[in-house]
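Here is the structure we will look at, set down as structure tokens.
The values are calculated or read from the model by the stated rules, or taken from the named source; none is laboratory data. Quantities reported herein were computed from a predicted structural model and do not represent experimental measurements. Glycine gets a Cβ as well: all are built from the backbone with ideal geometry, and neighbour counts include every protein chain shown.
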């Protein structure tokens, strides 16, 4: 895969009807995948090297982003998801790679305003169920 423009990574949230809506003009964003290891090392493990149980650990994903809301509707959607404590489907579109889709909880929503600049926001999402990946 050739180098990609960071601005092309896109974050979308499902509205109440289940349609995906582009959330905002994100200037910085990131998705992280993590899996916990399950240690099954025992007294007879070869050379006393650690052994792990394949596929047994909990997997999770975190998404974070910062930027400006593209319009009032996207601001209202994200704010409502947060205040409702709702778990909604979200999509992360990685150009020339694929689409990650699944349920996330909006765990952090921060607004910031500098005296001589626009209002910006930061958000964090935590996976709340099984995610799917579709190749581009």
Check your understanding: Of all residues in region 77-90, how many are in contact with a helix residue (DSSP H, G or I) (Cβ under 8 Å, 6 or more places away or on another chain) and under 14 Å from residue 61 (Cα atoms)?
Key -> 0
Practice item. Residues being surrounded by 16 or more Cβ atoms within 10 Å (Cβ to Cβ), under 17 Å from residue 61 (Cα atoms), out of contact with any helix residue (DSSP H, G or I) (no Cβ under 9 Å at 6 or more places or on another chain) and modelled with pLDDT under 95: count how many of those fall in region 91-122. Key: 4
Check your understanding: residue 88 fails exactly one of the following numbered conditions: (1) within 22 Å of the chain's Cα centre (by Cα); (2) part of a loop (DSSP other than H, G, I, E, B). What is the number of that condition?
Key -> (2)
Practice item. Output the qualifying pairs, or none if there are none: Cβ atoms under 9 angstrom, residues six or more apart or on different chains, first residue in region 19-44 and without any contact (Cβ under 8 Å) to a residue 12 or more places away in the chain and at negative phi, second residue surrounded by 11 or more Cβ atoms within 10 Å (Cβ to Cβ) and not in a strand (DSSP E or B). Key: 41/51; 42/51
Revision key, fill the gap. In the set 82, 133, the lone residue that is assigned to a helix (DSSP H, G or I) and more than 14 Å from residue 12 (Cα to Cα) is 82
Practice item. Determine which member of the set 48, 112 is free of Cβ contacts under 8 Å to residues at least 24 places away in the same chain and at positive phi. Key: 48
Review point. Limited to region 52-65, what total is found for residues that are surrounded by 12 or more Cβ atoms within 10 Å (Cβ to Cβ) and at pLDDT 90 or above?
Key: 7
Practice item. From the list 47, 17, pick out the single residue that is surrounded by fewer than 16 Cβ atoms within 10 Å (Cβ to Cβ), under 21 Å from the mean Cα position of the chain (by Cα) and not in a strand (DSSP E or B). Key: 17
